[in-house]
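Working notes, structure below.
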């Protein structure tokens, strides 16, 4: 915000010298107009009297009829409400000043606000509304900003699909949300167009809005042919899940089976619902695929899917998959065993040395509840610099979870490690360390380790930690 005000102050100085608006601001950028509005009032505290810098060099005349567009822009942002009010009245012949009139519609001074709103009602048409949409929506977030948004909606409801299309591709997601809501309310887009928008847009609210509207508008079998493919092939899982759920309504529940192994948990859950409603058994489908533990085509989604809807006995199908050639299958098998509460410490330990970082991360998470059962020396060995980074991080995470002097010893030993990430984690671990209640007080090793890490603490915090540990300060 500070940088914006400073840019606005510079712009105000240029406008005070009658520089043209279009060469001073990016008139299509709402941020430039808002920065100018704030920058015009920015006080030059190092001067007396305390006035904005531009007012020292080029103060406004008493009669605003003498002002051109550039200096009238300064009057529209002036600190004196009476000047702003008069400037709004003089702005009608200058379309280039309409963005500042929009800002004045949310002015804190009621006379200024009412005059600006009257002018905006008179001049805002579809063309100017399309240009001003990003700014009006930004101002709409302020107190008293709802007027502009309401007026914008009324004007743009008269716009055709072709005119609104530019807003559908706007980089500002707030603009896209507003435009798609208008299009849905006005039924300006066909279901197939809404489905494509849901599949292509990156904003989750737009995805939900368009997918829901597309499916709500469906009336016949032929329409499903145009709507379902974009939804079912969308990259974002929310849109895919909407398409999968719609398969039941379309009478194509059987097609949902292929989504039982989707990479998204949300899509898998929707697919299981549709399959069950059709009389199928998702768990049996998963079990059938996980039976062949050496199948190179086995989907990771099928592995975790079995854990999501299976029972503890299904752990027998997941354990052989810990040795599967595909790293993603091994990772999902570890996650599945954890979900079924069947994570065996001795069986998972070897996977802490897995070459795939994803497998090691899942293994560390699965082993966290039993971290105190793991051999300390075995874990410390895996924090050595000759090990891969992902193995070192996982081993340290488990040592840190043990707490007590073991965690402190491991962390202090890594404070000067060449790996920045590991060194940072170690420092954070030392700073949040406290002695465990089940360890003996007065351990001299604790005092030595705290002394080695004294650069991480203030003297007061270090004394308190030593007192908690029962060692001499």
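Read-outs: derived from the displayed coordinates by stated rules, not from any lab. Nothing here was measured: the structure is a model prediction, and the numbers come from that model. Glycine also receives a Cβ, built like all others from the backbone with ideal geometry; neighbour counts cover every protein chain displayed.
Overview of values
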| read-out | value |
| --- | --- |
| 0 to 90° range, to nearest 10: angle between helix 30-40 axis and the chain longest Cα axis | 60 degrees |
| Relative contact order %, the chain, counting alpha carbon pairs below 8 Å whose residues are six or more apart | 5 percent |
| Three-way shape call for region 281-374 based on the alpha-carbon gyration tensor, with the a/c threshold at 1.5 | oblate |
| Mean separation of Cα contacts under 8 Å (6+ apart) over length of region 378-473, as relative contact order % | 22 percent |
| D (Stokes-Einstein, µm²/s), Kirkwood Cα radius, the chain, 1.002 mPa s at 20 °C | 76 µm²/s |
| With Cα atoms, 0 to 90° folded angle of helix 173-185 axis to the chain main axis | 80 degrees |
| Neighbour-count order for 397, 176, 181, fewest beta carbons within 10 angstrom listed first | 181, 397, 176 |
| P(r), alpha carbons of region 83-157 - 5 Å bins starting at zero, rounded % | 3, 18, 33, 26, 16, 3, 0 |
| C-alpha long axis of helix 265-277 to longest principal axis of the chain, angle in ° | 80 degrees |
| Residues 33, 285 arranged by fewest to most Cβ contacts within 10 Å | 285, 33 |
| Per-pair calculated FRET efficiency, R0 = 22 Å: residue 29 and residue 126 via Cβ, rounded to 0.05 | 0.55 |
| Order of 180, 273 under a 10 Å beta carbon neighbour criterion, fewest first | 273, 180 |
| Theoretical FRET efficiency, 1/(1+(r/R0)^6), r = Cβ-Cβ of residue 372 and residue 292, R0 25 Å, to 0.05 | 0.10 |
